[in-house]
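A.B. asks: Have a look at this one.
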Amino acid sequence: MRLEQGALASLEEAASATAKAATEHLLSLQDPAGWWKGELETNVTMDAEDLLLRHFLGIVDPAVAARAAVWIRSRQAADGTWSTFYGGPPDLSTTIEAYVALRLAGDDPAQAHMEAAASWVRTQGGVAASRVFTRIWLAMVGAWDWERLPVLPAEIMFLPPRVPLNIYDFGCWARQTVVALTVVMAHRPARPLPFAIDELIVADRSDTPAGGVFGILDRALHRYERLPGWFLPRRVLRRAALGRAERWMVQRQEADGLWGGIQPPVVYSIIALHLLGYPLDHPVVAAALAGLDGFTIDDERGRRLEACQSPVWDTALAVVALTDADVGTDHPAVRAAADWLTAEEITYRGDWAVRRPHLAPGGWAFEFANDHYPDIDDTAEVVMALRRSGHGPDAGTPAAAACRRGVEWTMGMRSRGGGWGAFDADNVSRLVAALPFCDFGEVTDPPSADVTAHVLEMLAGEPQVPESFIEDAIAWLGSEQEPDGSWFGRWGVNHVYGTGAVLPALVAAGVPLIDSRIRRAVAWLESHQNADGGWGEDLRSYIDAKWRGRGDSTASQTAWALLALLAAGEHESDAVRRGVAWLIETQTVEGTWDEPQFTGTGFPWDFTINYHLYRLVWPLSALGRYLAATSGRRAGL
């Protein structure tokens, strides 16, 4: 179906006005230093664990607890439960942690909202049915028995990188958490809460011991842990292992005082070092606590903690969006962002060098400070942003030189088969995920379609990239296409995100628009457009295929679908025009879009994110590319 010429012109005019309002709003959010950073909203376990940490360290401030309680209560559903994402189903572990935190903040268990939560927890099996990490927190505060938890021995630090189950078999986020937890679990601390949580215990429910080989191993490790302290071989090994873990953690503390720029390794490292004798005023611990405070937001909605911060990612996406919207490279905002991004280049050899010892450093991380863990996805996006900012391959600027290093580093981080993971190369061990300890979230970092697509899109614009890299990436992505024509989204929700990343990359790499892989993906997107013209996908698609491409329309997911369709040459299609119209109709008076839904992914299904800037940058990119296609100009150039 084709719109009449007058209607088409009207749509383009409205799209142009919408893009202009979004551009102005985005420009208003830039920090004077040149960066952008939207709030990274997750679930209330961040806030609950912050209060539990403060209790453990003996630094709970009643005022802080009260403000955190405001936020936690505001996220509680009518049935008394908490979920891990907006509109999601109740989650047992999240509900338990939120309940205990509210009790720490002074909420009476006899209050209706507390009784409702406790009653629901009991119907689900109580604390014994919760995930291992929840029970570790409860063990640390004297509300669970360490003997009823899987063992993670500190002696794992002795395993060399080529031996299975060594720490480098874990993804970097899990690795940093595991090292700290080996110290915590060696000490088995218990600093009791000022109350019991008997109301969350189901008397006839017990933990189900792990079966198979790993169950046997866990039982053997429990016996090892019970060896007497005077048993010399164990005492010597444990002391040496704890010393190695301590050095490993201290060496990886970042300039902002944190570890990995994400909450789990930060809080566990603080606890671990405190157990090793570091007082709270020790420079290492004091810097970590100050850094954690920097993740705090306290406003009219309450006090809450970001699990991470994403300024590099947000800034790169903002530059791409602005240049898509025809903001010139000489614009002060673009120049300032390019300068800031250039200064954020990482030239340090981090953990990635364990598997790539001869590769020169380069690239960018996600956060303000995370030099040990640059990531491939950010590096690809930053290179594309800097190229669009006027620092092309032939430019003799520091930014162009940083791009060249980033490209070389990215190529060197390719995994076997032609795909890319996020932080490491060939991080694909299946053994670590089978450990009884690992019952929550992804613990390895295999290649994914969305990261590989961003890399392919970046490499396609770089001269002197061996053709084999392009061909292998195209072939790898082809092998990952789902039977329905979509691609899985590892770091965004979900098949709309994956498909929205892959199609622009394939086209940029020279795959013809008539290629069956592209046509099948276009058909999938068109068949999953909502009646209102937008696209949406619920997080349940990670566990239930019936939800693929299904969900309330959101600005970011509509933009991803549009970016894919526009790349495939569909700018005159009814689907594209309806999607553009949806963005026009739903823009707020401020120039952005409302999006309470979580469309970002930390761990598929288990831990998801609402990137508050996604609702602005992705729609702006989509509108800019639509206008470029209909006017005949090339977006971003």
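The values are calculated or read from the model by the stated rules, or taken from the named source; none is laboratory data. Everything quoted here is computed from the prediction, not taken from an experiment. Methodologically, a virtual Cβ is constructed for each residue, glycine included, from the backbone with ideal geometry; neighbour enumeration extends over all protein chains shown.
A.B. asks: Identify all residues within the range 498-548 that are within 28 Å of the chain's Cα centre (by Cα), of a type in the set (Gly, Ala, Ser) and part of a helix (DSSP H, G or I); write none if there are none.
C.D. replies: Gly498, Gly500, Ala501, Ala505, Ala508, Ala521, Ser541, Ala545
A.B. asks: How many residues does the range 243-264 hold that are within 19 Å of Val312 (Cβ to Cβ) and among the aromatic types (Phe, Trp, Tyr)?
C.D. replies: 1
A.B. asks: Looking at this structure, is Trp560 touching a strand residue (DSSP E or B) at 6+ places or on another chain (Cβ under 8 Å), of a type in the set (Phe, Trp, Tyr), within 28 Å of Glu39 (Cβ to Cβ) and at pLDDT 95 or above?
C.D. replies: Answer is yes for this residue.
A.B. asks: Within the range 567-577, track down each residue that is buried (at least 19 other Cβ atoms within 10 Å of the Cβ) and assigned to a helix (DSSP H, G or I).
C.D. replies: The answer is Ala567, Ala575, Val576, Arg577.
A.B. asks: Give the residue that is nearest to Tyr614 (Cα to Cα), with candidates limited to residues of the range 321-337 that are among the aliphatic types (A, V, I, L, M) and surrounded by fewer than 24 Cβ atoms within 10 Å (Cβ to Cβ).
C.D. replies: Only one residue tops the list, namely Ala325.
A.B. asks: A further question on this structure: Looking only at the range 610-628, decide whether some residue is surrounded by fewer than 24 Cβ atoms within 10 Å (Cβ to Cβ), out of contact with any Gly (no Cβ under 9 Å at 6 or more places or on another chain) and either among the polar types (S, T, N, Q) or over 30 Å from Ile543 (Cβ atoms) (or both).
C.D. replies: yes
A.B. asks: Here's something else I'd like to know. With the requirement that a residue be basic (Lys, Arg) and either modelled with pLDDT under 95 or crowded, with 18+ Cβ neighbours inside 10 Å (or both), what does the range 94-130 give you?
C.D. replies: Selection gives Arg103 alone.
A.B. asks: Here's a follow-up. Which of the residues belonging to the range 425-461 are at pLDDT 95 or above, of a type in the set (D, E, K, R) and not in a helix (DSSP H, G or I)?
C.D. replies: Scanning the range 425-461 gives Asp426, Asp445.
A.B. asks: Return only the number of the condition from (1) assigned to a loop (DSSP other than H, G, I, E, B); (2) touching a strand residue (DSSP E or B) at 6+ places or on another chain (Cβ under 9 Å) that Asp281 does not satisfy.
C.D. replies: All conditions are met except number (2).
A.B. asks: Still on this structure, I have one more. What helices (runs of 4 or more DSSP H), lying completely within the range 57-168, carry at least 1 residues that are farther than 28 Å from Glu306 by Cα and more than 24 Å from the chain's Cα centre (by Cα)?
C.D. replies: 112-123
A.B. asks: Any residue in the range 32-46 that's without any contact (Cβ under 8 Å) to a residue 12 or more places away in the chain: show its pairings with residues that are surrounded by fewer than 22 Cβ atoms within 10 Å (Cβ to Cβ) at Cβ separation under 6 Å, as long as the two are six or more apart or on different chains.
C.D. replies: Nothing qualifies.
A.B. asks: Right, next: Only residues that are in a helix (DSSP H, G or I), more than 25 Å from Leu292 (Cα to Cα) and among the small types (Gly, Ala, Ser): list them for the range 217-276, please.
C.D. replies: Passing the criteria: Ala220, Ala240, Ala241.
A.B. asks: Only one of (1) free of Cβ contacts under 8 Å to residues at least 60 places away in the same chain; (2) small (Gly, Ala, Ser); (3) closer than 30 Å to Asp606 by Cα is not met by Gly328, so which one is it?
C.D. replies: Condition not satisfied by Gly328: (3).
A.B. asks: Give me the residue from the range 290-345 that is among the acidic types (Asp, Glu) and not in a helix (DSSP H, G or I) and, out of that set, farthest from the chain's Cα centre (by Cα).
C.D. replies: Looking at residues that are among the acidic types (Asp, Glu) and not in a helix (DSSP H, G or I), I get Asp330.
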